[in-house]
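Read through the structure below, which is laid out as structure tokens, and then see the notes.
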Amino acid sequence: MKNIAVLTSGGDAPGMNACIRSIVRTASYKNIEVYGIQYGYQGLIENNLKIITNKDVGNTIHIGGTILKTARSDEFRLKKGRDKAYQNLKKNNIDGLIVLGGDGSLTGAKIFGDENKFPVIGIPCTIDNDLYGSDYSIGFASARETVVDAVDKIRDTAASHERIFIVEVMGRESGYLALESGIASGAEMILIPENKKEIKDVITDIKKINEEKKSIIIIYAEGCKLGRLDKISKKISKSIPGSNVRYSILGHIQRGGTAVPSDRILGTILGYKSVDSILNGEKNMMVGLVENKCLLTPLKEIINKERGINKEIMNISKIISNY
Ligand code: F6P
């Protein structure tokens, strides 16, 4: 193997740059050239790639987002698009591909690798932390930090005005980000899709908490789908006379910002491991960190197995938040 390529796909995640840096520097140590593909799979289809050097990745370890840019490519979902992508890899004498991304991106990686018998290694990068095969995905810890920081600030207002605040947190179908940031910010209630509840039961619980205290933080995972937050807020206000309800949708601030040290470290370790694995002949695998050990899991398993929430942590959170 002489040349490998790397791309970032789907939602950006803090720590992607630390990972790209590690891939480039590991490859250079092993005398391998790295092509950086711009704009994910779409860039590969359009042959938008260039060699990246050790120097290019200097001063990037802390920066959020991705220096390679990212995209969600509809063309890559089609066989015709994937064929074009394969032709471009061949044209540039590239013998292996490393894909940084979440569920959708790694699904694409698996299909592409199988179809073309091409060595592909995936690296889990998503603030949702919803991938099987790694205790944490790159970006999750930074997003959790951002959410906790935001909720700490919201709590000042909640306490001063004695308000009920609903704070919506990202995570797609997963409640991981909501659960861990809810615990760390001392939320009075954490609503996640893995613990389905009817709105009427939620309101009953809020009433109970409200008998004890007027300032309440409810962390609401976007995957809960209990309805629009303006409507939920109105329902709560109506059911609890005299209550003062507000909501806040944190949105994309959760995806941006400086990568926290643990994401930089995870990115560095998994970046190294991805190059090492591809050079050792591994293909169609994802590198992950499980109980502090680097593990390879077939992409087939990654996309078919549910990560699930940690039930024990979920139960602890209920006891501690006291409802
Ligand atoms: O997968 C990461 C994520 O931020 C999810 O938490 C969220 O549901 C989604 O991406 C938002 O996607 P977009 O940035 O395309 O709106």
Measuring from the longest principal axis of the C-alpha atoms of the chain, the long axis of helix 16-29 (C-alpha) lies at a number of degrees, nearest 10, equal to 20
Of 292, 272, 175, which is farthest towards the positive pole of region 164-323's charge dipole, taken about the Cα centre with +1 and -1 on the beta-carbons of Lys, Arg and Asp, Glu respectively?
175
Dividing the alpha-carbon radius of gyration of the chain by 2.2 N^0.38 Å, where N counts its residues, gives 1.09
How large is the translational diffusion coefficient of region 141-255 in µm² per second when you combine the Kirkwood radius over alpha carbon pairs with Stokes-Einstein at 20 °C and 1.002 mPa s?
154
Looking at the calculated P(r) for region 87-162, what percent of the C-alpha pair distances fall above 18 Å?
57
Can you tell which of 54, 76, 150 lies farthest toward the positive end of the dipole of the chain, using +1 and -1 charges on the Cβ of basic and acidic side chains (Lys, Arg; Asp, Glu)?
76
Please give every one of the aspartates and glutamates within straight-line cross-link reach of residue 300, meaning a C-alpha to C-alpha distance under 17 Å, and leave out same-chain neighbours fewer than 8 residues apart.
103, 114, 115, 130, 282
In Hz, Karplus ³J(HN,Hα) per residue of region 68-85 (6.51, -1.76, 1.60; θ = phi - 60°; x = Gly, Pro):
8, 6, 9, 7, 10, 9, 6, 5, 6, 5, 9, 4, 4, x, 5, 5, 4, 4
Suppose every K and R has +1 on its Cβ and every D and E has -1 on its Cβ; what is the size of the dipole of the chain about the Cα centre, in Debye to the nearest 20?
600
About its Cα centre, what dipole magnitude does region 141-255 give when the only charges are +1 on Lys and Arg Cβ and -1 on Asp and Glu Cβ, stated in debye to the nearest 20?
520
Rh (Kirkwood; distinct C-alpha pairs) - region 104-203, Å
15.7
If each DSSP helix of 4+ residues adds -39,500 (n - 2.57) and the sum is divided by the residues in the chain, what number results at 222 nm, nearest 500 deg cm²/dmol?
-13500 deg cm²/dmol
Suppose a student asked you for the relative contact order of region 141-255, using Cα pairs under 8 Å spaced at least 6 residues apart; what percent would you report?
39
Longest segment of the chain lacking GluC sites (Glu not before Pro) that sit in a DSSP loop with at most 15 other Cβ atoms within 10 Å:
1-161
Can you give the longest stretch of the chain with no exposed loop site, where a site means trypsin sites (Lys or Arg not before Pro) in a DSSP loop (not H, G, I, E or B) with at most 14 other C-beta atoms within 10 Å?
118-195
Any chance you could check the Cα centroid distance between region 216-287 and region 69-128 for me, in angstrom?
24
Do the alpha carbons of any pairs in 79/273; 117/225; 197/293; 214/318 sit beyond 28 Å of each other, and which pairs?
79/273; 117/225; 197/293
Inverse mean reciprocal Cα-Cα distance (Kirkwood Rh) of region 238-300, Å:
15.4
Carbon and sulfur atoms: what percent of the 1.4 Å accessible area of region 141-255 do they account for?
49
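The values are calculated or read from the model by the stated rules, or taken from the named source; none is laboratory data. The model shown is predicted, which means the values in this text are computed figures rather than measured ones. For neighbour counting, all protein chains shown are included, and Cβ atoms are generated from backbone atoms with ideal geometry for every residue, glycine included. In case anyone asks, the SASA skips ligands and DNA or RNA and just uses the protein heavy atoms, side chains included. Shrake-Rupley method; radii C 1.70, N 1.55, O 1.52, S 1.80 Å.
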